[in-house]
Amino acid sequence: MEQVRKLLDKISVEQIKIELLNTAYGNADTLLARLDPRTLFIWYLFFGIAPWFIHQEPVLLGMFVFMVITTVMSRISPLIIAILCMGLLSQAGYMLVASWFFGGNWDTIMPLAVLTLKLSVISLASVTAFCAMDPEKLSDGLLKIGAPAKVSFGIAYGYRMLPNLLDEYHHIFLSFRLRGKAPEKHGILYWRSVIYFVKIAVLSFYPLLLSMAKRARTTVEALETKGFSYAGYDAEVRRIKLAHLRMQGRDYLFLAISALYVVLLFSLT
């Protein structure tokens, strides 16, 4: 029972919020975080698309090992890794059970394993690339490659607002529990309690949506007052804002090492 309580303490709402903040802002001193965002975009463009067109298992396995190394270097939050692993395992397990149910054999399992390996490489590349950039850096990188100002701002704003929204949702959920009445009896397998908490979880979204709409309207009005629409599309403002972005020697070195590693994988197969 003590171990269960410790596990629940680790997955509390406050801890999840801290993990989200660390994911967005806590990796500024890593090697990948010091790279130019355009470097990470180019790197992710290859490792996020190329695995779909690669069918050699040794090459995919080598790319997976490389992704694991870069993920460790980026110091990704254990919460993000756990969610990623749960998604991959659940998807792979679902397809495996379905294949067995319809009479599949080893010839069916191998393609599913290769597909899971491809998804793992792409998922780890996504996590590594975007967790290595804080919201401001990601927004500036998108602006630098020509993305609309509203798109880059929306992504950065979403990064910043997610912990606050999670915290507010938690408060709304607790307020429903304080004003409501929990089931007196849990029922078999706690089915009454499960239905009660699911109902509260769904109802808590409605006040949150209203609060999000109010926050968005207040933010838009504040930005328009400061001239956001004009500044976002003015060439001189963009030049000043993005003057700090420069691809340096470490960016080219990182891309070169990645390219050489992939070439080596293909040459060995």
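Considering only segment 207-227, state which residues are among the basic types (Lys, Arg) and in a helix (DSSP H, G or I). I'd like the intermediate steps shown before the answer.
Narrowing segment 207-227 to residues among the basic types (Lys, Arg): 214-215, 217, 226.
Residues satisfying the conditions are 214, 215, 217.
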Given the criterion part of a helix (DSSP H, G or I), under 23 Å from the mean Cα position of the chain (by Cα) and of a type in the set (Ser, Thr, Tyr), identify the matching residue among 196, 169, 230. 169
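From the list 119, 84, 96, 138, which residue is touching a residue at least 12 places away in the same chain (Cβ under 8 Å) and within 19 Å of residue 262 (Cα to Cα)?
Values: 84 fails: within 19 Å of residue 262 (Cα to Cα); 96 fails: within 19 Å of residue 262 (Cα to Cα); 138 fails: within 19 Å of residue 262 (Cα to Cα).
None of the others qualify; the one that does is 119.
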Of the conditions (1) more than 24 Å from the chain's Cα centre (by Cα); (2) part of a helix (DSSP H, G or I); (3) among the charged types (D, E, K, R), residue 184 clears all except one; give me its number. (2)
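Surrounded by 13 or more Cβ atoms within 10 Å (Cβ to Cβ), assigned to a helix (DSSP H, G or I) and under 14 Å from the mean Cα position of the chain (by Cα): is that true of residue 99 in this structure?
So residue 99 fails the test.
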For segment 233-269, give me each residue that is in contact (Cβ under 8 Å) with a residue 12 or more places away in the chain, open to solvent by 90 Å² or more (accessible area, probe 1.4 Å), part of a helix (DSSP H, G or I) and charged (D, E, K, R). 250
So residue 108 fits all but one of (1) at pLDDT 80 or above; (2) surrounded by fewer than 17 Cβ atoms within 10 Å (Cβ to Cβ); what number is the exception? (1)
Pairs with Cβ under 6 Å, 6+ apart, first in segment 45-62 and on the phi < 0 side of the Ramachandran plot, second part of a helix (DSSP H, G or I) and at pLDDT below 90: 60/117
Find the residue count for segment 48-85, including only residues that are part of a helix (DSSP H, G or I), buried (at least 16 other Cβ atoms within 10 Å of the Cβ) and under 16 Å from the mean Cα position of the chain (by Cα). 7
Please go through segment 141-174 and give me each residue that is surrounded by fewer than 17 Cβ atoms within 10 Å (Cβ to Cβ) and acidic (Asp, Glu), ordered by number. 167
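The values are calculated or read from the model by the stated rules, or taken from the named source; none is laboratory data. Computed from a prediction, not measured in an experiment: that's the story for all the values here. As a convention, Cβ positions derive from the backbone with ideal geometry for all residues, glycine included, and neighbour counts pool all protein chains shown. Ligands, DNA and RNA are stripped out before the accessible areas are found, and what is left, the full protein with its side chains, is counted by its heavy atoms. Shrake-Rupley method; radii C 1.70, N 1.55, O 1.52, S 1.80 Å.
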